[in-house]
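Asker: Dropping the structure in here first, questions after.
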Amino acid sequence: NAGVTQTPKFRVLKTGQSMTLLCAQDMNHEYMYWYRQDPGMGLRLIHYSVGEGTTAKGEVPDGYNVSRLKKQNFLLGLESAAPSQTSVYFCASIDSDRGRNYGYTFGSGTRLTVV
Amino acid sequence: QQPVQSPQAVILREGEDAVINCSSSKALYSVHWYRQKHGEAPVFLMILLKGGEQKGHEKISASFNEKKQQSSLYLTASQLSYSGTYFCGTEANYGQNFVFGPGTRLSVLP
């Protein structure tokens with residue numbers, strides 16, 4: 001049972017380059033999320049999905065796009081990377097059960113540096 | 001709206017107790033607590049639901065005061081392994097508007 005898997009773990013991009021971060025979960029969770037974490041800023045929501053084929057904007061969506069073509073996968077894309085997107089990115093998922101006793105399960109993170 | 005956590009940071013000696021508070025200006029459906037060690041992902045500790053009871057996990061427990069929109073995390077007889085940043089997360093309605101707090105950095109010294 002792998003939980004939530006993120007790839008890659010580290011990446012250095014040049015300004016203007018594009019890349020895609022992949023998140024895969026094997027827990028059959030409906031809800032999936034992309035967060036970024038910057039020093040002193042906590043976790044900020046970029047985009048989220050409440051089911052296959054659906055996506056929605058979070059708190060800081062500008063410069064990012066997402067897709068949820070399969071229930072188990074949630075992709076985060078940067079079309080033209082900027083130094084302000086240097087951050088640690090976390091994917092998370094949660095069970096949609098109303099009576100849930102478990103919170104978010106996070107992936108191990110992707111450390112992205114844009115130079 | 002982001003919940004407020006206090007204190008921002010706390011330093012303890014092994015065996016001492018600590019309380020971390022989380023408050024919101026909105027009525028809450030649930031409060032989550034997570035711990036993140038340096039360089040690692042946040043790990044779920046517990047969830048408190050509206051109308052639910054106080055939760056506990058070994059020497060870590062939490063309470064939820066619905067009227068005051070506040071939750072407190074209690075760490076008793078702290079161990080070195082408790083060091084990390086503790087985040088609360090609040091949900092105003094089921095499945096909606098979940099927001100993490102800014103975190104409380106806890107350091108436990110020998």
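Asker: Give the dimensionless ratio obtained when the Cα radius of gyration of the range A:14-106 is divided by 2.2 N^0.38 Å. Numbers along the way, then the final one.
Answerer: Working: Rg = 13.4 Å, N = 93, 2.2 N^0.38 = 12.3 Å.
My calculation over the Cα atoms of the range A:14-106 gives 1.08.
Asker: Give or take rounding to whole Å, what are the principal axis extents of the alpha carbon atoms in the range A:64-115, in descending order?
Answerer: Projected onto the principal axes, the Cα atoms of the range A:64-115 cover 44, 21, 14 Å.
Asker: Can you give the percent of C-alpha pairs in the protein assembly as shown whose distance is more than 23 Å?
Answerer: 48
Asker: Hey, what do the phi angles of the range B:13-28 turn into as Karplus ³J(HN,Hα) couplings, whole Hz, using 6.51/-1.76/1.60 and θ = phi - 60°, x for Gly and Pro?
Answerer: Using θ = phi - 60°, the values come out as 9, 3, x, 7, 9, 8, 10, 10, 10, 9, 9, 10, 8, 10, 5, 10 Hz.
Asker: Largest first, please: the extent of the C-alpha atoms of chain B along each principal axis, to the nearest Å.
Answerer: Cα extents, longest axis first: 41, 27, 20 Å.
Asker: Using Cα positions and a limit of under 13 Å, work out the aspartates and glutamates in reach of A:Lys14, with same-chain residues fewer than 8 apart set aside.
Answerer: A:Glu79
Asker: Provide the buried accessible surface between chains A and B in square angstrom, both chains summed, 1.4 Å probe, rounded to the nearest 100.
Answerer: On the way: alone 6420 and 6410 Å², together 11250 Å².
The contact between B and A buries close to 1600 Å².
Asker: State, in angstrom, two size descriptors of the range B:1-44 derived from its alpha carbons: Rg to one decimal place and Dmax to the nearest whole number.
Answerer: Rg then Dmax for the range B:1-44, in Å: 12.9, 36.
Asker: Now for a separate question. Determine the share of the range A:1-81's accessible area contributed by carbon and sulfur atoms, expressed in whole percent, with a 1.4 angstrom probe. Intermediate results must be reported in sequence, preceding the final value.
Answerer: On the way: 2180 of 4260 Å².
About 51 percent, which is the carbon plus sulfur part of the accessible surface.
Asker: Less than 11 Å Cβ to Cβ from A:Gln37, Lys/Arg counted +1 and Asp/Glu -1: what total charge do the surrounding residues give? Mind showing how you got there, number by number?
Answerer: Details: positive: A:Arg36, A:Arg44, A:Arg111; negative: A:Asp38.
With Lys, Arg at +1 and Asp, Glu at -1, the neighbours total +2.
Asker: Something else about it: Past 22 Å, Cα to Cα: identify those pairs from A:Lys9/B:Lys59; B:Lys26/B:Lys50; A:Lys9/B:Lys37, in the order given. Mind showing how you got there, number by number?
Answerer: Values: A:Lys9/B:Lys59 33 Å; B:Lys26/B:Lys50 13 Å; A:Lys9/B:Lys37 17 Å.
Long pairs (Cα-Cα over 22 Å): A:Lys9/B:Lys59.
Asker: Please calculate the 1.4 Å probe accessible area of B:Leu75, with all protein chains present, and give it to the nearest 10 Å².
Answerer: The accessible area of B:Leu75 comes to roughly 0 Å².
Asker: Averaged across B:40-46, how many Cβ atoms of other chains sit within 10 Å of each residue's Cβ atom? List each step's numbers first, then the result.
Answerer: Numbers: counts 3, 14, 10, 4, 7, 1, 3.
Neighbouring Cβ atoms belonging to other protein chains average 6 per residue here.
Asker: Here is a further query. Cβ under 10 Å from B:Gly84's Cβ, B:Gly84 left aside: what net charge do those residues give with Lys, Arg +1 and Asp, Glu -1? Before the final figure, lay out each step's value.
Answerer: Working: positive: B:Arg35, B:Lys37, B:Arg105; negative: B:Glu40.
Neighbour charge sum, excluding B:Gly84 itself: +2.
The values are calculated or read from the model by the stated rules, or taken from the named source; none is laboratory data. Quick caveat: nothing in here was measured; it's all calculated off a predicted structure. Using ideal geometry, Cβ is built from the backbone for each residue, glycine included, and neighbour counts are taken over all protein chains shown. Ligands, DNA and RNA are stripped out before the accessible areas are found, and what is left, the full protein with its side chains, is counted by its heavy atoms. Shrake-Rupley method; radii C 1.70, N 1.55, O 1.52, S 1.80 Å.
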